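The values are calculated or read from the model by the stated rules, or taken from the named source; none is laboratory data. This one's a predicted model, so the numbers in the text were calculated from it and none came from an experiment. Every residue, glycine as well, gets a Cβ built from its backbone with ideal geometry; the counts of neighbours run over all protein chains shown. When the accessible area is computed, the model is the full protein with side chains, heavy atoms only, and any ligands, DNA or RNA have been set aside. Shrake-Rupley method; radii C 1.70, N 1.55, O 1.52, S 1.80 Å.
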Amino acid sequence: MSSILIIEDEQSIAELERDYLEINGYSVDIENSGDLGLQRALSTDYNLIILDLMLPKVDGFEICRRIRSEKDIPILMVSAKKEDIDKIRGLGLGADDYIIKPFSPGELVARVKAHLSRYERLSGRKESRNNEIRIRGLMMDKTARRVFVNDKEVAFTTKEFDLLFYLAMNPNRVFSKEQLFDQLWGMDAMGEIATVTVHIRKLREKVELDPSDPQYIETIWGAGYRFRI
Ligand code: CA
């Protein structure tokens, strides 16, 4: 469930916003002053912030600037004055959207939905980038569990994929057969250490140009294996 923080000093408006958002399945917190709102926005992980401009203690401009310097979540600014919108834009505070009071709750909910789904799309892409490894001619996509060697897709069994991904995620580190076995087969009572050797051989056949002279998965005699980058 997405969580939203409303920073708004007019309690009746804040409650109206909260009620509509909760009906639409969001979890909502309210803060009525600028300083507490800012504190809460920075210390808690919200998915979106609805921020009134005119607030006691710390105003919305400053709050927006401070949140933006630490977080990239959507910020929807609310103001009673149309001319404030130009000011928000002009200051380049990094607000994602602006809404003028009075607005209909339906409009607010629609904007919130749009920004949350856009943000989720963007952060989803970010995540899949982190789940991708590219080393020379080798590309592994953890999300899709696909491997490409010199732009050609190669099929891997589940364990082969897990072993290659684990080694590639920890490059230049030597792992003994026992360590790899514990890491990848530890819960599997049917496995035995020799299975590591078998899997390493299969990985080399699939990713190395010359499996007898490996460029990715090196054997360190007497110690184990190392993924070289
Ligand atoms: Ca206000």
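Points to keep in mind about this one:
- With respect to (1) among the charged types (D, E, K, R); (2) more than 12 Å from the ligand (Cβ to nearest atom); (3) in contact with a helix residue (DSSP H, G or I) (Cβ under 6 Å, 6 or more places away or on another chain), the lone exception for residue 45 is condition (3).
- Where residue 47 falls short, out of the listed (1) open to solvent by 20 Å² or more (accessible area, probe 1.4 Å); (2) touching a strand residue (DSSP E or B) at 6+ places or on another chain (Cβ under 7 Å); (3) modelled with pLDDT of 95 or more: (3)
- Filtered by the rule that a residue be basic (Lys, Arg) and in contact with a helix residue (DSSP H, G or I) (Cβ under 9 Å, 6 or more places away or on another chain), region 53-80 gives 57, 65, 66, 71.
- Single residue of region 18-44 satisfying the filter (aliphatic (A, V, I, L, M) and farther than 22 Å from residue 68 by Cα) that is surrounded by the fewest Cβ atoms within 10 Å (Cβ to Cβ): 23
- Applying the criterion of being of a type in the set (Ser, Thr, Tyr) and more than 23 Å from the chain's Cα centre (by Cα) to the residues of region 52-107, the residue that is nearest to the ligand (Cβ to nearest atom) is 79.
- In region 52-79, residue surrounded by the most Cβ atoms within 10 Å (Cβ to Cβ) [restricted to those that are among the small types (Gly, Ala, Ser) and modelled with pLDDT of 90 or more]: 60
- Flag if residue 153 is within 30 Å of residue 185 (Cβ to Cβ) and touching a residue at least 40 places away in the same chain (Cβ under 8 Å): no
- Hits in region 45-60 (condition: farther than 16 Å from residue 72 by Cβ and part of a loop (DSSP other than H, G, I, E, B)): 53, 54, 55, 56, 57, 58, 59
- For region 1-17, a residue qualifies if it is under 18 Å from residue 73 (Cβ atoms) and either open to solvent by 50 Å² or more (accessible area, probe 1.4 Å) or of a type in the set (D, E, K, R) (or both), and the qualifying residues are 1, 8, 17.
- Inter-residue pairs, beta-carbon under 9 Å, first at positive phi and in region 48-66, second assigned to a helix (DSSP H, G or I) and away from the ligand (no atom under 12 Å from the Cβ), 6+ apart: 57/35; 57/36; 57/38
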